[in-house]
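Before any comments, here is the structure.
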Amino acid sequence: MRDYDSRDNVMMFGGMPVTKIADEFGTPVYVTDEKRLRENYRKVYGAFAKHMDTKVHYACKANSNLAILKILESEGSGIDAVSIGEVMTCMKAGFTPDRIMYTGVNVSNEELKAVTDLGVMINIDSVSELERLAKIRRSLPVSFRITTGVGSGHSDKVVTGAKGVKFGIPLRDAIGTYLRAKELGFDPKGIHVHIGSGGQSVEPFMEATEILIQLTNQLKDRGTDLEFIDIGGGIGVPYRPNEPEMDVDELGRNITEIILEETDVRKIILEPGRYIVCDTTVLLTRCVDVKDADGKKYVGVDAGFNTLVRPAMYGSYHHVAIGNKFGKACTAKYDVAGPICETGDHLARDRVLPNPEEGDIVVVYDAGAYGFSMSSNYNSRPLCREVLVNEGKAELIRDSERIEEQWRHQRIPERLIR
Ligand code: LLP
């Protein structure tokens, strides 16, 4: 978790008082620090690139705002996309198709056609997908997502590499699938794994990479030379105070070392999402109500799980602070709850806070990954604004929805209108 400065007990973010941002743009609002975004990209890229040819394919499911994509585009990033929507959004932000790799699961024929029509390379997820793709288009460069049996993640819901999950080609079928791909006329270029999301240790990355290395060498013996190994995403970040951070330099050094020593492959791809965007962004939400419910104290705010679903969905911890009472003595324990009509609508539980009052600005930390991108219109609430701050200046990068826009695609059958 990052530490922040304050001025006169007001938290500063990207060189601006959070209260000023909230007053200018309203709440709830996601606020992203451009400088930190560029730093995170450079750090993870540098950790690998100093050892071997490296491509970072930012997993844009974490945050697909066009301005954020544009910044990463300017840094030289590539993209990991999971849908035709993500592919097109990234192209809108300036990414050419050769910088995008598509790794979908349960992919329809329509989507396979649309993605390959655009010239985007596919990481094939199943034998069914391979056979269906062959009927649409052959002689394409491809890669395969292998389920190595090594999984990791902050919650069972996001462990993707374990045996029996819905993702990827089971290990025992891997070699046969590459041979079949060649028979069908494809040109296998790489091998891919994604262990899961938000794990905190280097070990599962090493274990999964070792398995890819063995497969790569077995394929070489059978006449297939791969150009790249893609180790997926999943680098965890610390959400709690004093939580240790995964050492990306160590990760880069250890992974590239075994690839360089044990294979002839000279290019690595990685697909971090969370690592690049998580701590670039805070969610500002205003305290609208304070309640003592038979001894249980609540800070009622204007962002609920429609705005940030991670605490309700995964039980995730996000640190919270009162932005206009930063560093003041805490008075009691509170739950921070939103406006959604469900008891599980919590952003935080049992947090000691400094005398929360109506009008205060509650800052939710580490909201840049899977924050806005998982927000919804539940309870018919409009999607909120996004703001970019850089060197003390703030710019709107997404306006809030108007309520009317939620009706845009709906139709009332004529016979129901009187
Ligand atoms: N590559 C693939 C194939 C993926 O499926 C994912 C994430 C990533 C890369 C990026 O993983 P990251 O570096 O961000 O951990 N909504 C959940 C996380 C779901 C991740 C899904 N796949 C959350 O809020 O924690």
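Would you please put 60-68, 276-284 in order of how densely packed they are, using the mean number of other Cβ atoms within 10 angstrom per residue and starting with the highest? If you can, show how the numbers build up before the last one.
Working: 60-68: 22.8, 276-284: 29.0.
So the order, starting with the most tightly packed, is 276-284, 60-68.
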Review point. Do the sum for the chain: with -39,500 (n - 2.57) for every DSSP H run of n ≥ 4, divided by all residues, what is the mean residue ellipticity at 222 nm, to the nearest 500 deg cm²/dmol?
Key: -8000 deg cm²/dmol
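Could you give the length gained by full extension between I403 and V82, i.e. 0.36 nm per residue of separation minus their alpha carbon distance, to one decimal place?
Result for the pair: 112.7 nm of gain on full extension.
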Point to revise | Rounded to the nearest 20 debye, dipole of the chain from Cβ charges on Lys, Arg, Asp, Glu | key: 860 debye
Exercise for review: Apply the Debye scattering formula to the chain, with a single equal point scatterer on each alpha-carbon and no solvent, then give log10 I(q)/I(0) at q = 0.06, 0.07, 0.09, 0.13 Å⁻¹.
Suggested key: -0.27, -0.37, -0.60, -1.11
Practice item. Please determine, in degrees from 0 to 90 and to the nearest 10, the orientation of helix 248-262 with respect to the longest principal axis defined by the Cα atoms of the chain, where the helix direction is its Cα long axis. Key: 10 degrees
**Study point:** Ordering of 392-400, 321-329 by packing [mean C-beta count within 10 Å, highest first]
**Key:** 321-329, 392-400
**Study point:** Residue among G359, G15, H319 farthest towards the positive dipole end of the chain, charges placed on Cβ
**Key:** G359
Practice item. Please give the residues of region 294-311, grouped as numeric ranges, whose backbone N is less than 20 Å from a label point set 7 Å along the Cα-to-Cβ vector of S380. Key: 302-307
Exercise for review: Return the FRET efficiency for the residue pair A114, D289: r is the Cβ-Cβ distance, R0 is 30 Å, and the value is rounded to the nearest 0.05.
Suggested key: 0.05
**Study point:** Two-site FRET efficiency, K182 against M206, from Cβ-Cβ distance with R₀ of 25 Å, rounded to 0.05
**Key:** 0.30
Point to revise | Extension gain from A49 to K393, taking 0.36 nm per residue of separation minus the Cα-Cα distance | key: 120.6 nm
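Below 9 angstrom from the Cβ of I268, what's the summed charge of the other residues (Lys, Arg +1; Asp, Glu -1)? The partial results should precede the final answer.
Working: positive: K55, R266, K267; negative: D53, D230.
Summing Lys and Arg as +1 and Asp and Glu as -1 gives +1.
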**Study point:** Per-pair calculated FRET efficiency, R0 = 22 Å: E250 and E39 via Cβ, rounded to 0.05
**Key:** 0.75
Check your understanding: For L66 and S128 in one chain, what is 0.36 nm times their gap in residues minus the Cα-Cα distance, to one decimal in nm?
Key -> 19.0 nm
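Each reported figure results from applying straightforward, stated rules to the coordinates on display, with no laboratory input. Values in this document were obtained by computation on a predicted structure and should not be read as measured data. When we count neighbours, we look across all protein chains shown, and the Cβ atoms used for this are built from the backbone with ideal geometry, even at glycine.
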